[in-house]
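Peer 1: Before I ask anything, here is the structure I am working with.
The values are calculated or read from the model by the stated rules, or taken from the named source; none is laboratory data. For clarity, every value in this text was computed on a predicted model and none was experimentally measured. Ideal geometry is used to build each Cβ from the backbone, glycine not excepted, and the neighbour counts take in all protein chains shown. Remember, those area values only see protein heavy atoms, side chains included, never the ligands or the DNA or RNA. Shrake-Rupley method; radii C 1.70, N 1.55, O 1.52, S 1.80 Å.
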Amino acid sequence: MISSVRVIGNPRAAAREAPPPDALASDGFEAAYREISGWPGYRPTPIHNLKGLAAELGLGKILYKDEGPRFGLGSFKPLGGAYAVARVLARELAKRGIAVNATAADLLAGRHAEAVRGITITSATDGNHGRSVAWGARMFGCRAVIFIHQTVSEGRKAAIERYGAEVIRVPGGYDDSVRHAFAEAERRGWHVVQDTATADYRTVPADISHGYGVIAGEVVAQVSEPPTHVLVQAGVGGAASAVCARFWQLWGTSRPAFLVLEPAKAACVAASLAAGKRVEVTGDLETVMAGLSCGVVSELAWEVLATGADGAVVIDDGLALEGMRRLAFPLPGDPPIVGGECSGGAVGALIGLSREPSLMAQIGFGKSSSVLLIGTEGATDPVIYKEIVGKAPEEILA
Ligand SMILES: Cc1ncc(COP(=O)(O)O)c(C=O)c1O
């Protein structure tokens, strides 16, 4: 498997002094934090300081925010998908004249249980998002129907079904399953919880990104000073735009340089940064980093990343696998960490960059850099995890 890395700069990156864009406003992030921090089982995810890895790669510091333990779901995704379920239910209850502003706490207490039971949420997913929507639907008491495409693994399908959702496999790739979810919702009066914004579908993707902003809010409270760089994986860009916007709002001019991480086969943000406008990448988008197999960046995410991203790092799958193994079998001084393919990608990107002095210089990586990585998933498919790493997640942590 190929293990190469590329860096794409953003000639339109905003100056440090520039104000954050209007898309994804502070009050949306604050409302999401208030709600999500009240859910049962909420606790900030840990940040690990990978000293051994930083020394080996020639960096000052590597901080790894581990989203694997998030709500016991294996990835950061419940922050967005489940939060959006609560928001959709609240809006629907208001529209039906049942409750003006139902909070997650109202829904959790079963205050409008009968009406909520009759509401169906639908979504398309390559795994993690669907699991978080199904989890949210079960927690708040509504029905969920989740569409998956041909190559979503049986393990990821079963993980969604575990939360009581009906899971339907449809022909084609991820984008086909999204079209399917919208068409079925239109026909049956269901509500779509999808993270890709278009001109007439912005409210739910904004809810999802506001939920993801909890990651950035936690980081600001957990670190003593802003890192110099942050690298965030992008599929449709929901997570990356949320972290970018929130750091911009909370840290202003001292915010880190913001890098988007993408697989070479689905580098739609990188292509858009190079073109100066949203462009779709086509062809075979499948990568081991399943959550990143997206051909086009969400409109809302693009409104932030077009100037908020300082560049993109694009990697081949081989580096993601190398990164997973490095997390599992760490250098002396670092803890063993269970990170899935997308998390391995973040570590693999740094490993790949460290082998290319000219790219290290281009990004400004060196001994005085502190780099924040978001480990966006744990072993979201334990069978695949064991095939790649050679040991089960429990054995790594034993
Ligand atoms: C583990 C993981 N990391 C990153 C992403 C990318 O998130 P987004 O699609 O919001 O860019 C996903 C999306 O599914 C994911 O599952």
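Peer 1: Conditions: (1) without any contact (Cβ under 8 Å) to a residue 40 or more places away in the chain; (2) in contact with an Asp or Glu (Cβ under 6 Å, 6 or more places away or on another chain). Ala25 meets all but one. Number of the miss?
Peer 2: Result: Ala25 fails condition (2) only.
Peer 1: Does at least one position in segment 246-258 carry a residue that is charged (D, E, K, R), part of a helix (DSSP H, G or I) and surrounded by 21 or more Cβ atoms within 10 Å (Cβ to Cβ)?
Peer 2: Checked segment 246-258: at least one residue is charged (D, E, K, R), part of a helix (DSSP H, G or I) and surrounded by 21 or more Cβ atoms within 10 Å (Cβ to Cβ).
Peer 1: Restricting to segment 215-248, name every residue that is more than 16 Å from the ligand (Cβ to nearest atom) and among the small types (Gly, Ala, Ser).
Peer 2: Gly217, Ala221, Ser224
Peer 1: For segment 294-327, give me each residue that is of a type in the set (S, T, N, Q) and either free of Cβ contacts under 8 Å to residues at least 60 places away in the same chain or open to solvent by less than 10 Å² (accessible area, probe 1.4 Å) (or both).
Peer 2: Of everything in segment 294-327, just one residue is of a type in the set (S, T, N, Q) and either free of Cβ contacts under 8 Å to residues at least 60 places away in the same chain or open to solvent by less than 10 Å² (accessible area, probe 1.4 Å) (or both), namely Ser298.
Peer 1: Which condition number in (1) within 12 Å of the ligand (Cβ to nearest atom); (2) in a loop (DSSP other than H, G, I, E, B); (3) assigned by TED's automatic domain parsing to the domain that holds Glu17; (4) charged (D, E, K, R) is the one that Glu262 fails?
Peer 2: (2) is the only condition that Glu262 fails.
Peer 1: Inside segment 114-150, can you point out the residues that are away from the ligand (no atom under 16 Å from the Cβ), closer than 22 Å to Thr103 by Cα and of a type in the set (A, V, I, L, M)?
Peer 2: Those that are away from the ligand (no atom under 16 Å from the Cβ), closer than 22 Å to Thr103 by Cα and of a type in the set (A, V, I, L, M): Ala115, Val116, Ile119, Ile121, Ala137, Met139, Ala144.
Peer 1: Sticking with this one: Would it be correct to say that Ser153 is modelled with pLDDT of 95 or more and under 21 Å from Gly291 (Cβ atoms)?
Peer 2: Here the answer is no, as Ser153 does not meet what is asked.
Peer 1: Could you tell me how many of the residues in segment 221-242 are touching a Phe, Trp or Tyr at 6+ places or on another chain (Cβ under 7 Å) and among the β-branched types (Val, Ile, Thr)?
Peer 2: Count: 1.
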